[in-house]
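This report refers to the structure that appears directly beneath it.
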Amino acid sequence: MEYGPAKRKAAKLLVRHAVRPAELPDNLAVEDAVREHLALFCADTQPAELAALRRVAAGWMERLAPLRPHLCGAVWRGTATRISSVHLQLFCDDPKQAEILLLDRGIPYEVESRPGTDQAEVLTVTSRCDELGELVTVHLSVLDHDDLRGALRPDARGLSQRGDLAALQRLEAQA
């Protein structure tokens with residue numbers, strides 16, 4: 001689950017204990033806790049699973065290169081496991097450009113809208129990952145090309161929230 005929905009679910013569960021949503025930890029604190037959990041309980045499997053998911057992401061980024069794909073979420077931040085989805089943001093000149101490209105290439109997809117976000121739609125595809133021996137869900141968030149400028153700002157720790165294929169390759173080279 002992404003941090004925002006997870007915190008909202010936690011807030012609902014903790015209402016009985018007089019915990020207000022504002023008292024919940026920020027996303028960086030949640031991410032630190034996830035990293036700690038992974039180090040304790042998944043250290044033997046998570047690095048390989050993350051690498052496999054990043055290779056799936058890289059393959060899709062190459063296929064979708066005309067749409068300026070950027071990887072974000074747990075796969076980008078390094079906290080993904082085999083049950084994580086790959087999240088790519090596509091920065092398009094025309095909102096239908098992504099669907100047209102998928103149709104032209106014969107790639108089946110589903111369309112979802114994300115309520116409460118500024119994203120018009122999310123296209124969802126599945127991809128076989130032989131390394132994991134299962135299908136991986138890939139969410140393609142369709143954004144306006146002009147949104148790319150602001151999307152590259154770092155977080156409070158100076159880390160980027162997303163990266164293009166070259167940035168992903170640099171990240172993998174450091175691992």
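The values are calculated or read from the model by the stated rules, or taken from the named source; none is laboratory data. Remember, it's a predicted structure, so these values are computed and weren't measured experimentally. Methodologically, a virtual Cβ is constructed for each residue, glycine included, from the backbone with ideal geometry; neighbour enumeration extends over all protein chains shown.
What the table shows:
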quantity	calculated
Subset tally (residues that are more than 22 Å from SER84 (Cβ to Cβ) and of a type outside the set (D, E, K, R)) for the stretch 19-36	3
Filter pass, LEU101 being in contact (Cβ under 8 Å) with a residue 24 or more places away in the chain and under 30 Å from ASP44 (Cα atoms)	no
Unique match (being within 15 Å of the chain's Cα centre (by Cα), under 30 Å from LEU40 (Cα atoms) and of a type outside the set (Ser, Thr, Tyr)) among VAL125, VAL86	VAL86
Condition check for LEU28: outside the structural domain of LEU165 (by TED's automatic domain parsing), in contact with a Lys or Arg (Cβ under 6 Å, 6 or more places away or on another chain) and either under 19 Å from ARG170 (Cβ atoms) or not small (Gly, Ala, Ser) (or both)	no
Cross-chain or 6+ apart pairs with Cβ under 9 Å, the stretch 131-151 first and within 21 Å of LEU67 (Cα to Cα) and in the same structural domain as MET61 (by TED's automatic domain parsing), then polar (S, T, N, Q) and assigned to a helix (DSSP H, G or I)	VAL142/GLN97
Out of LEU64, LEU50, sole residue that is touching a Gly at 6+ places or on another chain (Cβ under 8 Å), within 22 Å of ARG128 (Cβ to Cβ) and not aromatic (Phe, Trp, Tyr)	LEU50
Residue count, the stretch 143-160 (criterion: closer than 18 Å to VAL86 by Cα and either hydroxyl-bearing (Ser, Thr, Tyr) or modelled with pLDDT under 90 (or both))	2
